[in-house]
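FYI, it's all coordinate maths here, none of it is from the lab. Note that the coordinates shown come from a computational prediction; the quantities given were computed from them, not determined experimentally. Ideal geometry is used to build each Cβ from the backbone, glycine not excepted, and the neighbour counts take in all protein chains shown.
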Amino acid sequence: MGGVSELSTISVHGRQVAFRRAGHGAGNRPCVVLVHGIAGDSSEWEPVLDTLSASYDVVAPDLAGHGESTRLRGDHSIGAFATWLRDALEALEIERATFVGHSLGGGVVMQFAYQFPDYVERMVLVSSGGLGREVSALIRAASLPGAEWVLGGVGAAARGASSVLDKIGVGQKSEYGELAHRMAGLTHRDRRAAFVRVVRAIASPGGQRVNASDRLYLAEDVPTLIVWGARDRIIPVSHAYATHDEVPGSELVVFDEAGHFPHADDPERFVHVVQDFVGKTEPASYDKVRARQRMTSR
């Protein structure tokens, strides 16, 4: 599905923002912003980024504290990541886009659409967080006191497993490869600290604490696509069906043979689904009066 897009960096507020960009400068193309999940980075999108760039200006940032982007200071809430993303896009001179968010990135995209609706043409939520209580035991455990000390050992073990997977031909572009890559990254002190702080902001030992369901009705005018793997062991596919019912006019596509990373498990189908969705929907136009009426009529 294409080669590896080069990682670039810019300075925003004196701190490094890393990103991959492809398709930029090839005519007046619509923009697609790809937002990765927790403990990941922009390389998560390599199976689909270059193919999407044949049609779109595609931007995939490393979220703050992930990959090569500098950590946030203090607040690691979803709202803080949404503000960080707005500033990064401003620096890149991106004013409107279709936003594709995976896992944590889905929660960031939904919060971004709530805080900065003028930027959002469409939303694609891929195995998204922030849509229900249930989440994997690993995420719940990472919210416990002292988790940062344990996760260093988990990362070291995952680094060894990742090396083995590469040798037998199971690279990062698969669910097992993605999970091993993310856990291996936790050997890096700053990434581990960012991971724990993010988890504690969004989850507790009882499950996810952030839930966007009470405000999803505001997305009625935003074309929304929900993509999930039926075999997702991190966030159950039941969240996809519930969200589809909550968001008027949304489209739901379930990959029966995929897990938490449908874009890695079946990149060709994923690209086709996204291209079809963008092609058949009109970009949203934010109406402040209508939004106000919706908020006050409930």
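Points to keep in mind about this one:
- Under the Karplus curve 6.51 cos²θ - 1.76 cosθ + 1.60, θ = phi - 60°, whole-Hz ³J(HN,Hα) for region 133-141, x wherever Gly or Pro sits: 6, 5, 7, 5, 4, 4, 5, 5, 5
- In this structure the amide hydrogen of GLY65, modeled in the peptide plane, comes within under 5 Å of the amide hydrogens of THR70, ARG71, LEU72, none closer than 5 places in sequence on its chain.
- Rounded Å value of the spacing that divides the Cα centres of region 103-142 and region 271-285: 19 Å
- Cα shape, region 178-298, gyration tensor, a/c 1.5 rule: oblate
- Amide H contacts under 5 Å for GLY229, placed H, 5+ residues apart: SER127, PHE255
- Computed Rg/Rh of the chain, alpha carbon atoms with Kirkwood Rh: 0.94
- Note that region 207-213 has calculated 3J(HN,Hα) couplings of x, 5, 9, 9, 9, 8, 4 Hz, one per residue in order, obtained from phi through the Karplus relation 6.51 cos²θ - 1.76 cosθ + 1.60 (θ = phi - 60°); glycine and proline are x.
- Here the Karplus relation 6.51 cos²θ - 1.76 cosθ + 1.60, evaluated at θ = phi - 60°, turns the backbone of region 6-11 into coupling constants of 5, 7, 10, 9, 9, 9 Hz, with x for every Gly and Pro.
- Among beta bridges from DSSP that stay inside the chain, the antiparallel ones total about 35%.
- Debye, to nearest 20: dipole size of region 83-148, +1 on Lys, Arg Cβ, -1 on Asp, Glu Cβ: 340 debye
- Taking every C-alpha pair closer than 8 Å and separated by at least 6 residues, the mean separation divided by the residue count of the chain gives a relative contact order of 18 percent.
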